[in-house]
1. Residue by residue through segment 27-42, note down the ones that are on the phi > 0 side of the Ramachandran plot and part of a helix (DSSP H, G or I).
2. State all residues of segment 357-371 that are within 15 Å of residue 335 (Cα to Cα) and in a loop (DSSP other than H, G, I, E, B); if no residue qualifies, say none.
3. Please state which one of 66, 28 is at pLDDT 90 or above, more than 31 Å from the chain's Cα centre (by Cα) and assigned by TED's automatic domain parsing to the domain that holds residue 99.
4. Please find, within segment 141-158, the residue that is surrounded by the fewest Cβ atoms within 10 Å (Cβ to Cβ) out of those that are more than 9 Å from the chain's Cα centre (by Cα) and without any contact (Cβ under 8 Å) to a residue 40 or more places away in the chain.
5. With respect to the numbered conditions (1) in contact with a helix residue (DSSP H, G or I) (Cβ under 8 Å, 6 or more places away or on another chain); (2) on the phi > 0 side of the Ramachandran plot; (3) modelled with pLDDT of 95 or more, which one is the sole condition not fulfilled by residue 216?
6. Within segment 258-270, is there a residue that is touching a residue at least 12 places away in the same chain (Cβ under 8 Å), out of contact with any strand residue (DSSP E or B) (no Cβ under 7 Å at 6 or more places or on another chain), in the same structural domain as residue 147 (by TED's automatic domain parsing) and within 27 Å of residue 109 (Cβ to Cβ)?
7. Residues 115, 24, 45: which one is free of Cβ contacts under 8 Å to residues at least 24 places away in the same chain and part of a helix (DSSP H, G or I)?
8. Out of segment 231-259, which residues are in a helix (DSSP H, G or I) and in contact with a helix residue (DSSP H, G or I) (Cβ under 7 Å, 6 or more places away or on another chain)?
């Protein structure tokens, strides 16, 4: 076993042993600068870092337990896939912005592109129960920022997160490393919510999926504040789009402030309870944004033109309109769906029963039509907007 393999084995053992998921080890690593430096410290110093006895024993060269080694073996087996990566704190692939935070994770599980993980990221977060306004603007902001060279980081949740990921994926920028990063509150071998399995795969194929939780970890409520810390830690700033006063998105914004990141907020209607958290953030000093160029200017990137040929920068209309009032860049499937909806409102299952397309294709086509403001969905029933 060479030194790199031995270092990875030790990292996996430290991660899986008792106390491995606690922040004490992360803070000790942050203070010492590397695992090698931490190994050189005395037992007394390790006790001051509040490391567990198991961690201290491993750092002193004692062998790991059979159970701990078995968990590490499962990680190594998972990483045999060329698109699966175990990124340790000492790795050259560990994101620098995350390394500089107060409590950087010891280990990251990554599916997809390490180049995307290392790219300039902005977090877009918001309500799971987002309104059409919130979904539309999440998609629009993400799409335009990604076109300008910014990778979008979010949490794969329903509502704002999903639309932000989709906007980035649909941006189709010239730089393949600029896409989207999904940060999970589960093990990377689980998809939560299950309805986002297709979105998860699309992000893994075209961007990166990241987790700091061990394989098999379920979606426990206490995982998600840690997930939010990771989202802000990977990013240069956090844009909040629709958040209630007690929204988890405000936790992400708080972490952003603690990590010296910029916080941006999109204003909403005063009558919208999902927007009150954004208004509160603005009162507390978050930057009000109503255009992607506001953020691009803050990041020192070239602003995009407000209107480009064939590309309307409007959350309510995408593409040049033809006489029918439809964007002329619609896919054939989308035109069929609109034609059907002009005659009657439909449930999703009605489209499936009509055998128009696969579940995934229908889901993507309808979501895109919602984002464009051409259809709306209430109570599971689709109608012309």
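The values are calculated or read from the model by the stated rules, or taken from the named source; none is laboratory data. In this text, all values refer to a predicted model and were calculated from it rather than measured experimentally. Cβ sites come from the backbone with ideal geometry, for glycine too, and all protein chains shown count toward neighbours.
1. Narrowing segment 27-42 to residues on the phi > 0 side of the Ramachandran plot: 33.
Within segment 27-42, no residue meets the criteria.
2. Passing the criteria: only 357.
3. Numbers: 28 fails: more than 31 Å from the chain's Cα centre (by Cα).
Just a single option satisfies the conditions, and that option is 66.
4. Of segment 141-158, the ones more than 9 Å from the chain's Cα centre (by Cα) are 141-151, 158.
Imposing the further condition that a residue be without any contact (Cβ under 8 Å) to a residue 40 or more places away in the chain reduces the set to 142-143, 146, 158.
Working: 142: 31, 143: 27, 146: 26, 158: 15.
The extreme case among them is 158.
5. Single failed check for residue 216: (1).
6. Among the residues of segment 258-270, at least one is touching a residue at least 12 places away in the same chain (Cβ under 8 Å), out of contact with any strand residue (DSSP E or B) (no Cβ under 7 Å at 6 or more places or on another chain), in the same structural domain as residue 147 (by TED's automatic domain parsing) and within 27 Å of residue 109 (Cβ to Cβ), which makes the answer yes.
7. Working: 115 fails: free of Cβ contacts under 8 Å to residues at least 24 places away in the same chain; 24 fails: free of Cβ contacts under 8 Å to residues at least 24 places away in the same chain.
Selected residue: 45, the only one of 115, 24, 45 that is free of Cβ contacts under 8 Å to residues at least 24 places away in the same chain and part of a helix (DSSP H, G or I).
8. 231, 232, 233, 234, 248, 249, 250, 251, 252, 253, 255, 256
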